[in-house]
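The values are calculated or read from the model by the stated rules, or taken from the named source; none is laboratory data. Nothing here was measured: the structure is a model prediction, and the numbers come from that model. Ideal geometry is used to build each Cβ from the backbone, glycine not excepted, and the neighbour counts take in all protein chains shown. When the accessible area is computed, the model is the full protein with side chains, heavy atoms only, and any ligands, DNA or RNA have been set aside. Shrake-Rupley method; radii C 1.70, N 1.55, O 1.52, S 1.80 Å.
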Amino acid sequence: MSAHKVCTSIGALCFTWMGSAHGVNLNDRGTGQVLLFPFYTVNAGTNTLFSIVNTTGHYKALRVRMAEGENGRDALSINVYLGPYDTWTAAIFDASDYVPGSGVAGPAGLLTNDGSCTVPAIRTLPQPHVLPDGRGFVPFSNAAFSGSHADAGASDLSRTREGMIEVIEMGTLIDNSPTAYAAYQACVPLIGAWAPGGYWTQDPKTDLANPTGGLFGTGYVVNVAQGRIFSYSAVAIDDFRADPLDHPRASTASVVMHTAPGSPQPSLADALTDPARGLAKANVSANGTTISATYVAPANAVDAVTAVLTASVLGNEFSFVSSEGATTNYVLSYPTRRFYTDPAIAGASAVAPFTQLFAGIRHDTETETVPMMAVNREGQTPRFPCPANGCDFSIRTPGTSVELLNFGDTAGAILGSQLNGGLGLEFGDFENGTHVYFATEGWTSLYFDGSQSALYGAGADPTGLGPVRFMRASIENKYFAGLPVIGFAAQNLVNNSVSNGVLANYSSAVPHRIITNCYTPESGNLQPRLCQ
């Protein structure tokens, strides 16, 4: 390992950083310690199924958290204990009919037929949380955003009906330990360990060692009646909590964070890659290479996760050709947004890279300025009259932790989201000289760094605006440009011409393509330069 000295931008705080391969990173092979499922919904007749796979020979303790889509607050948080090479599957469904007094748009609920151990024990829950066929389920709750915990959003149970899912590995059960042996036999001892007086209530690290990663997951948004399914892979973050001195992995319990179900920790703000020095390091694919950036933990540890999720530019394809019955939804999820925009966490003002505090669902508003460029399949871009300072062509998003951008008149009906956004200019005709020429199929770039230069072509930016949105600086004075966003384009095609009157749907979910850029300030110059 090599050592070098890094200091904060004001020069008041310095650390000697021992070079290490450890660092929060997006695993492009799809496995990791943290899994992020960008979207679940039970609206519009849908259910969401998901699976978590343990590819290792270690028994794992996982926190599985369902975050509602408005402000990313807890709708449900449980522990799952996944055996070696085990898979846990579950379904999120509309529980309105099974939760007394919840109304038509009642809560989502979590159901599993899987034998893996959960705390609470979902399959054997007592009344009233039992389906007519005898299976137990857990209804989602509004406790985190109602009463004394109310925020600027809705406070009723309908808010739990769409959101995202987080999975965080808390630790591994030590092989051949009493807890590991008991877990192989039955789930009851693990449930008892969290019961009043249980040994995990006294010492939650008992028989646990550090996380080892190796998880992957898949989500499925299913509408059985309409014959639609959108499937996607969970985003995998590796080395979320690691210790350079832990060799081989899981030799110590130095970064174990094992807590009771429903506890606020672990969260995405608990990244840690050097516990001895209190640092969280991020290894980010940016500027055509891997950029390392270091943040003080726990104060700014969430920035390590935000850095690896940051998109300067996001691209994907779209189609809303009416003759094909085509519609497209861009799912845009911001897993760490709440740490920068929830007043209960951020305080009186939003924290960079965000500029607006959460204020409920805001439609037809530019909550964060995100310029957009659309290109048709022949490479043509929008052409329309622009004033001297350029054109205002951007997306309008509701300022929520999950947002959907709809292409096509009926696109919003497919997923039934209440978190819909739109475009800053209407679609129009190429020839009439007054509206945007926006093809019905092609691809888009969303400039989450706030830049507009790409809208005018190389060397033709009349505004001179480059990136205008940056994260907080790392210890090395590196700034990543953009917002932390993940998701996919959900596209549906309808065939009305299938023989014998059969109606056919063809659906796909394609992950967004991301470009990330990092900058450092030029001495005596307001213009930044790319990180080296």
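Some values worked out for this structure:
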read-out: Some residue of the range 56-67 being touching a residue at least 60 places away in the same chain (Cβ under 8 Å), in contact with a Gly (Cβ under 8 Å, 6 or more places away or on another chain) and under 18 Å from Y334 (Cα atoms); value: yes
read-out: Condition met for Y220 (under 22 Å from S51 (Cα atoms) and surrounded by 21 or more Cβ atoms within 10 Å (Cβ to Cβ)); value: no
read-out: Residues located in the range 310-350, provided they are at pLDDT 95 or above, part of a helix (DSSP H, G or I) and surrounded by fewer than 18 Cβ atoms within 10 Å (Cβ to Cβ); value: P343, A344, I345, A346
read-out: Some residue of the range 301-309 being more than 30 Å from N495 (Cα to Cα) and part of a loop (DSSP other than H, G, I, E, B); value: yes
read-out: Selection count where residues are open to solvent by 20 Å² or more (accessible area, probe 1.4 Å), over 30 Å from A413 (Cα atoms) and among the polar types (S, T, N, Q), scope the range 25-65; value: 5
read-out: Residue count, the range 406-443 (criterion: farther than 22 Å from L357 by Cβ, in a strand (DSSP E or B) and modelled with pLDDT of 85 or more); value: 5
read-out: Per-region count, the range 266-296, residues open to solvent by less than 30 Å² (accessible area, probe 1.4 Å) and modelled with pLDDT under 95; value: 1
read-out: Subset of the range 146-181 (residues that are under 21 Å from A105 (Cα atoms), of a type outside the set (S, T, Y) and touching a Ser or Thr at 6+ places or on another chain (Cβ under 6 Å)); value: L157, E162, M164
read-out: Qualifying position, being of a type in the set (S, T, Y) and either closer than 28 Å to P343 by Cβ or in contact with an Asp or Glu (Cβ under 6 Å, 6 or more places away or on another chain) (or both), among S96, S155; value: S155
read-out: G466 part of a loop (DSSP other than H, G, I, E, B), surrounded by fewer than 15 Cβ atoms within 10 Å (Cβ to Cβ) and modelled with pLDDT under 85; value: no
read-out: Pair list, Cβ < 9 Å and 6+ apart or interchain, from the range 508-532 residues that are closer than 21 Å to A293 by Cα and modelled with pLDDT under 85 to residues that are surrounded by 14 or more Cβ atoms within 10 Å (Cβ to Cβ) and hydrophobic (A, V, I, L, M, F, W, C); value: P521/A473; P528/F470; P528/A481; L530/A286; L530/C518; Q532/I291
read-out: Residues being in contact (Cβ under 8 Å) with a residue 12 or more places away in the chain and in a loop (DSSP other than H, G, I, E, B) - total across the range 227-258; value: 19
read-out: Every pair of residues 6+ apart whose Cβ atoms lie under 6 Å, when the first sits in the range 464-480 and is within 9 Å of T520 (Cβ to Cβ) while the second is modelled with pLDDT under 90 and hydrophobic (A, V, I, L, M, F, W, C); value: E476/V6; K478/C531
read-out: Search result, residues across the range 66-82 that are open to solvent by 10 Å² or more (accessible area, probe 1.4 Å) and within 21 Å of A183 (Cα to Cα); value: S77
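A quick yes/no check of all residues on (1) of a type in the set (D, E, K, R); (2) at pLDDT 95 or above; (3) under 25 Å from A269 (Cα atoms):
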| site | (1), (2), (3) |
| --- | --- |
| V130 | no, no, no |
| R135 | yes, no, no |
| S141 | no, yes, yes |
| G153 | no, yes, yes |
| S158 | no, yes, no |
| E166 | yes, yes, yes |
